[in-house]
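Written out below as structure tokens is the structure these notes cover.
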Amino acid sequence: MSHLVVITAGMGSPSSSRLLGDRLADATLTALGAAGQQAPEVRVLELRDLAVELATYYTSHVPSTKLQEAFDLVGTASGVIAVSPVLNAGVNGLFKLFFDLLDEGVLKGRPVVLAATGGTARHSLAIDQAMLPLFFYLKATVAPTAVFAATEDWGSAEAGLVRRIEQAGAELAELVTTRPATDYADEFANVPDFASLLGN
Amino acid sequence: MQIGIFSVSDITTDPTTGHTPSENERIKASVAIAKKAEEVGLDVYAIGEHHNEPFFSSSPTTTLGYIAAQTERILLSTATTLITTNDPVKIAEDFAMLQHLADGRVDLMMGRGNTGPVYPWFGKDIRQGVDLAVENYALLRQLWTEDVVNWQGKFRTPLQGFTSTPRPLDGIAPFVWHGSIRTPEIAEQAAYYGDGFFHNHIFWNIEHTKRMVDLYRRRFEHHGHGPADTAIVGLGGQFFMRRNSQDAVNEFRPYFDVAPVYGHGPSMEDFTAQTPLTVGSPQQVLERYLSYSDEVGHYQRQLFLIDHAGLPLKTVLEQLDLLGEILPELRKGYAAGRPAHIPEAPTHASLVEKAR
């Protein structure tokens, strides 16, 4: 198993999205440990650090080295934890920008847990309405439990958030164990022979 | 090694003066630039084909024919000729005409064109870009190599007993390059035919460019045209030079910052680090470009984009003077360590010789 990657589009530093991502990674490692699996390395992509480079790539089509490394990190990950703050009923622009620019195929068959943060629980539908269609389109293997953390969850005595994190972590652990993704091979990997192109 | 320039033919306002050249000014400037390129000793002048503003060059063979009449030595080429939206019959005829008028000083580079709206203007669909490039080019070759063509395909009316005229000069078709930035099928196409492969490179890092070139070289060998290191490779690039490096930076920055292709994006420093754009002294340009043969292997053609981003003609001509000054060093550098079996890019003369 290679690494897990936490992709967080939190705007602050630290952000509640990062916090949620870290908790999900811990829960995944715990579940893997309980299943007797060796703990994979956890890598974190704070998209705020890539904000300018993402915007540049979007408009000038020049991928920076740092950005390419980030894409490669996702393309070789065993599992992905994707966390966005909810803004205006959707994922934030930073989150969308990153996944817009990821080559199609990078997430194909790759286990992903979706998670989001927001002020109140009323934002939680953003996961179903904005994140799920995006990750289905990208053909990710999405864990059944998505985790939404509202501000009140962080201070709540009830164990709802903790339970959901553990559940999602366990699901991701199972997916990365039973349905391992292959490393993304880019457009150079499978070049059709010209004879077949001529035959089209 | 062929060293030359290529133009995308943009009409861009000079941000330092607010002057926007007229189409006529830019078209005439392209002729002056081509003549100057020959004067400073360059080997190739190439111009693009565009059918949308802000570009003027819709008819490269017209421009190149006019330039051919006013030059003696420089090889005339395109960057690129649209193999997707042009009728291959017209390409075959236009370039055979140009070959005759220019006494063989002609080759051309195939490109697909990446502007979606242009395709329907010519009755085509960009989603079929690769298929168009494959079918049209196969027909183009046939038109040049066979006197009487019977042909049927998907994208144009069938041909029965058709002869494209004039026949290529001395019965030898112009050498063809295929330009592509990130479409492996095009590298494969170039390799399949043993044609040249040109990577524009100007918006890309050398690591990416190298992967495309490596793919082409590998497939060139696979298709039986010879060892991978004998494949015919060209690269694009761009620079802005002044004798003093800081002067180059200061003078070019306002152009870079608002240029339609670069501007409002990465800083000039980031862009120069990530792409072949080199803004500095002639020595810096020399060292940067010589380093690319370490990456992609010994190659055959280096073209520079210099008349862009609203730079006035006077400045472009000065750039050519500076390029002319480092040209001997550039040639010497490219020749250094180049094994004897690495071929030069084919020319009309060498192809005629080979056909004997």
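The values are calculated or read from the model by the stated rules, or taken from the named source; none is laboratory data. Since the model is a prediction, treat every value here as computed from it, not as a measurement. Neighbour counts are summed over all protein chains in view; Cβ atoms, including those assigned to glycine, are modelled from backbone coordinates with ideal geometry.
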Output the helices (runs of 4 or more DSSP H) that fall wholly within region A:45-119 and possess 2 or more residues being under 25 Å from B:Pro260 (Cα atoms), away from chain B (no Cβ under 14 Å) and not polar (S, T, N, Q), or say none. A:93-101
Just to confirm my filter: which helices (runs of 4 or more DSSP H) fall fully inside region B:118-203 and include at least 1 residues that are among the polar types (S, T, N, Q) and at pLDDT 95 or above? B:129-145, B:184-193
Give the residue that is surrounded by the fewest Cβ atoms within 10 Å (Cβ to Cβ), with candidates limited to residues of region A:113-154 that are under 20 Å from A:Pro180 (Cβ atoms) and in contact (Cβ under 8 Å) with a residue 60 or more places away in the chain. A:Ala140
Considering region B:228-284, residues that are in contact with a Gly (Cβ under 6 Å, 6 or more places away or on another chain) and assigned to a loop (DSSP other than H, G, I, E, B), and then whichever is nearest to B:Thr209 (Cα to Cα), we arrive at B:Pro276
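The rows are residues; the columns are (1) of a type in the set (Gly, Ala, Ser); (2) surrounded by fewer than 17 Cβ atoms within 10 Å (Cβ to Cβ); (3) within 22 Å of B:Gly116 (Cβ to Cβ).
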| residue | (1), (2), (3) |
| --- | --- |
| B:Thr16 | no, yes, no |
| B:His19 | no, yes, no |
| B:Ile33 | no, no, no |
| B:Ala46 | yes, no, no |
| B:Thr63 | no, no, no |
| B:Leu75 | no, no, no |
Any residue at all in region B:16-24 that is of a type in the set (D, E, K, R), at pLDDT 95 or above and closer than 16 Å to B:Pro312 by Cα? yes
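This table checks each residue for (1) aliphatic (A, V, I, L, M); (2) in contact with a His (Cβ under 7 Å, 6 or more places away or on another chain); (3) surrounded by fewer than 22 Cβ atoms within 10 Å (Cβ to Cβ); (4) more than 10 Å from chain A (Cβ to nearest Cβ).
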position	(1), (2), (3), (4)
B:Ala228	yes, no, yes, yes
B:Gly234	no, no, no, yes
B:Arg242	no, no, yes, yes
B:Asn250	no, no, yes, yes
Members of region B:307-324 that are surrounded by fewer than 15 Cβ atoms within 10 Å (Cβ to Cβ) and in contact (Cβ under 8 Å) with a residue 12 or more places away in the chain: B:Asp321
Looking at the structure I just gave you, is B:Leu290 surrounded by 21 or more Cβ atoms within 10 Å (Cβ to Cβ) and more than 20 Å from B:Asp257 (Cα to Cα)? no
Examine region B:148-156 for a residue that is of a type outside the set (A, V, I, L, M, F, W, C) and buried (at least 19 other Cβ atoms within 10 Å of the Cβ), and state whether such a residue exists. no
From A:Ser64, A:Ser17, A:Ser60, A:Ser13, residue being surrounded by 22 or more Cβ atoms within 10 Å (Cβ to Cβ) and small (Gly, Ala, Ser): A:Ser17
Give all pairs with beta carbons closer than 9 Å in which a residue from region A:183-200 that is within 9 Å of chain B (Cβ to nearest Cβ) and surrounded by fewer than 12 Cβ atoms within 10 Å (Cβ to Cβ) meets a residue that is of a type in the set (Phe, Trp, Tyr) and not in a loop (DSSP other than H, G, I, E, B); count only pairs at least 6 apart in sequence or on separate chains. A:Ala195/B:Tyr192
